[in-house]
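S.K.: Questions regarding the structure given below will be posed in turn.
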Amino acid sequence: MKKFCLIIFAVLLLVPISRLEAGHLEDIAARGTIRIGTTGDYIPMSYLNPATGEYEGIDAELSKIIAESLGVKIEYVPTTWPTLAADCLAGKFDIALCGISRNFAREKVMAMSDAYGEGLFGKTILCRKTDAKKFKSVADLNKPTVRIMINPGGTNEKFARANLPNAKLIVHEDNADIPIQIAEGKADIMITETVEAFSWIKREPRLAAPLTDKPFTKHSCGILMQKGDQEFLNYINFVLAELRMDGTLENLEVKYLGRKPAK
């Protein structure tokens with residue numbers, strides 16, 4: 001008997017500690033909620049509508065679907081672009097959805113789901129409709145006379161600082177307010193994503209997005225989480241795969257991101 005117990009103990013030593021502890025799926029089930037980090041400032045991904053107090057956009061709908069699949073409620077955890085990575089690493093939420101670009105820097109220290117919105121995202125500009133003909137390339141933006149407004153902490157700021165060193169960069173904390181600032185002449189350009197640009201020119205007639213047909217970059221979005229829980233990551237990817245297979249994901253991308261319906 002003593003020898004048998006020693007064998008069991010030796011086997012347990014070979015099992016990763018993470019497998020002996022409760023994972024995110026168990027924690028979520030016990031809590032009855034899934035904690036979802038979101039900035040709530042990114043139309044059409046995740047936007048906290050001040051009039052209703054509700055989150056809107058494709059990521060809000062995906063959040064609901066994920067929560068329903070788990071049989072739990074959503075507990076939104078507000079975050080910001082400058083603190084998103086730190087909040088994720090600190091375990092303040094189970095997953096984050098707010099139009100988060102998949103990139104190597106994030107994947108190195110955190111986990112990201114399979115992609116969605118493939119072929120729909122890329123860096124572009126918003127400007128006033130009266131200025132649309134002035135801006136045809138990065139060179140047209142990279143001038144001291146061009147005022148570019150960016151939100152801090154995200155890939156928009158990184159792109160601007162890496163590619164537009166000669167322009168006047170204006171950091172504005174409220175990403176959702178920047179298009180209005182542009183329309184009112186407080187700055188000339190907003191660095192943004194094609195999907196956000198499309199949404200804003202529909203909302204605000206003073207704005208234009210003249211370069212959406214040739215974005216400066218191309219990428220996709222993913223759901224962000226801590227590393228180390230492969231079972232949880234597999235589950236999130238499984239949900240996305242099912243939504244892709246039954247056409248739900250495509251319908252959401254048509255509704256929110258401007259994807260053309262399949263013929």
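The values are calculated or read from the model by the stated rules, or taken from the named source; none is laboratory data. Note that the coordinates shown come from a computational prediction; the quantities given were computed from them, not determined experimentally. In this analysis, Cβ positions are derived from the backbone assuming ideal geometry, glycine residues included, and neighbour counts consider all displayed protein chains.
S.K.: Being assigned by TED's automatic domain parsing to the domain that holds residue 236 and in contact with a Ser or Thr (Cβ under 9 Å, 6 or more places away or on another chain) narrows it down to one of 68, 75, so name that one.
M.R.: Only one candidate qualifies: 75.
S.K.: Listed residues 214, 168; which is within 21 Å of residue 136 (Cα to Cα), basic (Lys, Arg) and modelled with pLDDT under 95?
M.R.: Selected residue: 214, the only one of 214, 168 that is within 21 Å of residue 136 (Cα to Cα), basic (Lys, Arg) and modelled with pLDDT under 95.
S.K.: Is one or more of the residues making up the range 220-239 part of a loop (DSSP other than H, G, I, E, B) and under 21 Å from residue 122 (Cβ atoms)?
M.R.: Among the residues of the range 220-239, at least one is part of a loop (DSSP other than H, G, I, E, B) and under 21 Å from residue 122 (Cβ atoms), which makes the answer yes.
S.K.: Is it the case that the range 242-261 has a residue that's in contact with a Phe, Trp or Tyr (Cβ under 6 Å, 6 or more places away or on another chain) and closer than 30 Å to residue 164 by Cα?
M.R.: The answer is yes, given that some residue of the range 242-261 is in contact with a Phe, Trp or Tyr (Cβ under 6 Å, 6 or more places away or on another chain) and closer than 30 Å to residue 164 by Cα.
S.K.: Sort through 178, 201 and tell me the only one that's touching a His at 6+ places or on another chain (Cβ under 8 Å) and part of a helix (DSSP H, G or I).
M.R.: Every option except 178 fails the conditions.
S.K.: Can you tell me which condition residue 147 does not meet? The list is (1) touching a helix residue (DSSP H, G or I) at 6+ places or on another chain (Cβ under 7 Å); (2) more than 28 Å from residue 93 (Cα to Cα); (3) of a type outside the set (A, V, I, L, M), and all the others hold.
M.R.: (1)
S.K.: Right, next: Going by the structure shown, is residue 99 within 12 Å of the chain's Cα centre (by Cα) and part of a loop (DSSP other than H, G, I, E, B)?
M.R.: Yes; evaluated as a whole, the condition is true for this residue.
S.K.: Here's a follow-up. With the condition kept exactly as written, say whether any residue in the range 68-86 is part of a helix (DSSP H, G or I) and among the acidic types (Asp, Glu).
M.R.: Checked against the condition, which is being part of a helix (DSSP H, G or I) and among the acidic types (Asp, Glu), the range 68-86 yields at least one hit.
S.K.: Give the residue, chosen from 77, 72, 109, that is hydrophobic (A, V, I, L, M, F, W, C), closer than 15 Å to residue 236 by Cα and modelled with pLDDT of 95 or more.
M.R.: After applying the criteria, what remains is 72.
S.K.: Something else now. Tell me the residue from 37, 57, 23 that is touching a helix residue (DSSP H, G or I) at 6+ places or on another chain (Cβ under 8 Å), at pLDDT below 95 and not assigned by TED's automatic domain parsing to the domain that holds residue 192, please.
M.R.: It is 23.
S.K.: Something else now. Which residues, taken from the range 102-121, are assigned to a loop (DSSP other than H, G, I, E, B) and either charged (D, E, K, R) or assigned by TED's automatic domain parsing to the domain that holds residue 158 (or both)?
M.R.: Once the filter is applied, which keeps residues that are assigned to a loop (DSSP other than H, G, I, E, B) and either charged (D, E, K, R) or assigned by TED's automatic domain parsing to the domain that holds residue 158 (or both), the range 102-121 yields 102, 114.
S.K.: Name the pairs: first residue in the range 84-106 and free of Cβ contacts under 8 Å to residues at least 12 places away in the same chain, second residue surrounded by fewer than 17 Cβ atoms within 10 Å (Cβ to Cβ), Cβ to Cβ under 6 Å, at least 6 apart or on different chains?
M.R.: none
S.K.: Can I ask one more? Would you check if residue 134 is touching a residue at least 60 places away in the same chain (Cβ under 8 Å), farther than 21 Å from residue 249 by Cα and in the same structural domain as residue 185 (by TED's automatic domain parsing)?
M.R.: Judged against the criteria, residue 134 is not a match.
S.K.: Filtering the range 86-108 down to residues that are among the aliphatic types (A, V, I, L, M) and under 22 Å from residue 67 (Cα atoms), which residue is surrounded by the fewest Cβ atoms within 10 Å (Cβ to Cβ)?
M.R.: Ranking the qualifying residues of the range 86-108, first place goes to 90.
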